[in-house]
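Engineer: Below you'll find the structure I mean.
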Amino acid sequence: QVQLVESGGGLVQPGGSLRLSCVASGRQFSIARMAWYRQAPSMERDLVAQIDNGDSTNYADSVKGRFTISRDNAKNTVYLQMNSLKPEDTAVYYCNAGGIAIPTSRWFEVWGQGTLVTVSS
């Protein structure tokens with residue numbers, strides 16, 4: 001079973017930066033795609049950024065040019081560098097991973113527990 005653990009959230013002033021990290025752990029798995037989603041109060045959970053095995057990336061329009069997603073395959077870790085943060089970026093950020101469980105060759109998808117990012121002066 002694959003588990004995701006996020007870290008790096010917190011309180012930051014508008015215009016500031018934060019870096020989120022998400023580490024995948026477990027036995028015998030191969031991750032194909034990792035992504036960050038966010039959910040503000042009373043809102044749906046939306047995709048922020050995703051990255052695949054070929055390092056192709058995709059971003060929500062609202063974060064393009066400000067956020068950068070990257071991954072370290074050797075460490076099964078995905079990062080989200082967030083710059084020029086705005087109050088509207090305030091949300092719980094969730095890590096998501098999809099891949100193959102090696103013993104069964106079945107696709108899996110897992111979520112982290114979420115980390116709160118608050119952008120406020």
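The values are calculated or read from the model by the stated rules, or taken from the named source; none is laboratory data. It should be emphasised that the depicted structure is a prediction, and the values quoted were computed from it without experimental measurement. For neighbour counting, all protein chains shown are included, and Cβ atoms are generated from backbone atoms with ideal geometry for every residue, glycine included. Only protein heavy atoms, including side chains, enter the accessible area calculation; ligands, DNA and RNA are left aside. Shrake-Rupley method; radii C 1.70, N 1.55, O 1.52, S 1.80 Å.
Engineer: Take the solvent-accessible surface of the protein heavy atoms, probe 1.4 Å, and return the percent of it on the chain that carbon and sulfur atoms account for. Let's see the in-between values first.
Structural biologist: Working: 3030 of 6550 Å².
Exposed carbon and sulfur together represent 46 percent of the surface.
Engineer: Treating the beta-carbon of each Lys and Arg as +1 and of each Asp and Glu as -1, no other charges, what is the dipole magnitude of the chain about its Cα centre, to the nearest 20 debye? Please report the intermediate quantities before stating the final value.
Structural biologist: Working: 11 positive and 10 negative charges, 46 e Å.
Magnitude of the dipole: close to 220 debye.
Engineer: Between Thr68, Tyr94, Ser30, whose Cα lies farthest towards the positive end of the dipole of the chain when Lys and Arg beta carbons carry +1 and Asp and Glu beta carbons carry -1, centred on the Cα centre?
Structural biologist: It is Ser30.
Engineer: For the modelled label position 7 Å from the Cα of Val5 along Cα-to-Cβ, which residues of the range 29-45 have backbone nitrogen atoms closer than 18 Å?
Structural biologist: 29
Engineer: Please give the contour-minus-distance gain from Arg66 to Glu109: 0.36 nm per residue of separation, less the Cα-Cα distance, rounded to one decimal in nm.
Structural biologist: Result for the pair: 12.8 nm of gain on full extension.
Engineer: Over the range 31-87, what relative contact order in percent results from Cα pairs under 8 Å that are six or more residues apart? Don't skip to the end; give the middle numbers.
Structural biologist: Working: 79 pairs, mean separation 14.4, N = 57.
It rounds to 25 percent for the range 31-87.
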